[in-house]
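The structure appears below as structure tokens.
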Amino acid sequence: DVILGPQGLLTAGRKGQTVIQMSTISPVLTERLARETESRGRAFLDCPVSGTSLQVERGQGMLIVGGDASLAERWRPLLESILKPVAYAGRAGQAMFVKLLANMLVALHSAAAAEALAMAGRAGLDPGRVLEILTSGAGSSGMLALRGPLMVRGEFPPQMKLELFMKDLHLIQEAAASVGAQIPLTDVAERLYGTAHAAGRGGEDLSVVVTTLQNDDIQRRRG
């Protein structure tokens, strides 16, 4: 609606303008927006943001750009004023695909961190000490370092609300289906996040998935 609607950018704007789309949406919709924008004499860039709200606030995220390469370079100073680095991915829609791949890894790494820390708790280990050791070793990841402390404390202030992340997981599934990719690990992770969401934890950070793995009912079913 913002771009194509009766009071949208393509109606209210003028020819020669550039539409820079930064929401996380589907690659298919992104391609459609690019086509329709360009058919009406405007230019289009696909520029999703990668990073949690806290990372972006600290300037640690990045912008992924899709569209005409020369157009991307023209707008690079503006984009870099928002967030660095700015990484060019290819045509419009491809940046969005890369953003979904990044979110796939966020989902998997966060679920893996939750599984490891939940297992440490079952073993009677000090989760804080385990987290300190793991983040210093070969098994560390950005999500373990970022979300591990939330899991250890059992406090989940939203850096990325689980209910919003479920939308991204659905977009990842659609993107995988569109190219015939098998994503079995993501399938399992989505079920774990879905269980936490169904338990009413959607307003909390996606690290709340650890509560699914700590759930005694699930442990009994596994047994």
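The values are calculated or read from the model by the stated rules, or taken from the named source; none is laboratory data. Quick caveat, the model's predicted, so the values are computed rather than measured. Cβ sites come from the backbone with ideal geometry, for glycine too, and all protein chains shown count toward neighbours. Only protein heavy atoms, including side chains, enter the accessible area calculation; ligands, DNA and RNA are left aside. Shrake-Rupley method; radii C 1.70, N 1.55, O 1.52, S 1.80 Å.
What to note about this one:
- For the chain, share of DSSP beta bridges that run antiparallel, in % to the nearest 5: 35
- Computed E for Ala177/Asp126 - FRET, C-beta separation, R0 45 angstrom, nearest 0.05: 0.60
- Three-way shape call for segment 1-123 based on the alpha-carbon gyration tensor, with the a/c threshold at 1.5: prolate
- Per residue solvent-accessible surface (Å²) - segment 106-171, probe of 1.4 Å: 51
- Rounded percent of accessible protein surface that carbon and sulfur make up, segment 105-223, 1.4 Å probe: 56
- Over all other residues within a Cβ to Cβ distance under 10 Å of Asp46, the charged ones net out to +1, with Lys and Arg as +1 and Asp and Glu as -1.
- Axial C-alpha extent at least 20 Å, average Kyte-Doolittle at least -1.0 - helices from the chain (DSSP): 94-122, 162-179
- Label-to-label distance, nm, for residues given as Arg191 and Lys167 (7 Å Cα→Cβ offset): 2.6
- Highest mean first, the peptides 32-43, 172-183 sorted by other C-beta atoms within 10 Å per residue fall in the order 32-43, 172-183.
- Gyration tensor verdict on segment 1-68 (Cα atoms; rounded if a/c is under 1.5, prolate if a/b is larger than b/c, oblate otherwise): prolate
- Among Asp126, Asp68, Asp46: highest mean-square fluctuation, GNM of the chain, C-alpha pairs under 10 Å: Asp126
- Cα shape, segment 90-158, gyration tensor, a/c 1.5 rule: prolate
- Averaging the sequence gap over all C-alpha pairs within less than 8 Å and six or more residues apart, then dividing by the number of residues, gives segment 31-77 a relative contact order of 30 percent.
- Lysines whose Cα lies under 24 Å from that of Lys167, excluding same-chain neighbours fewer than 8 positions away: Lys99
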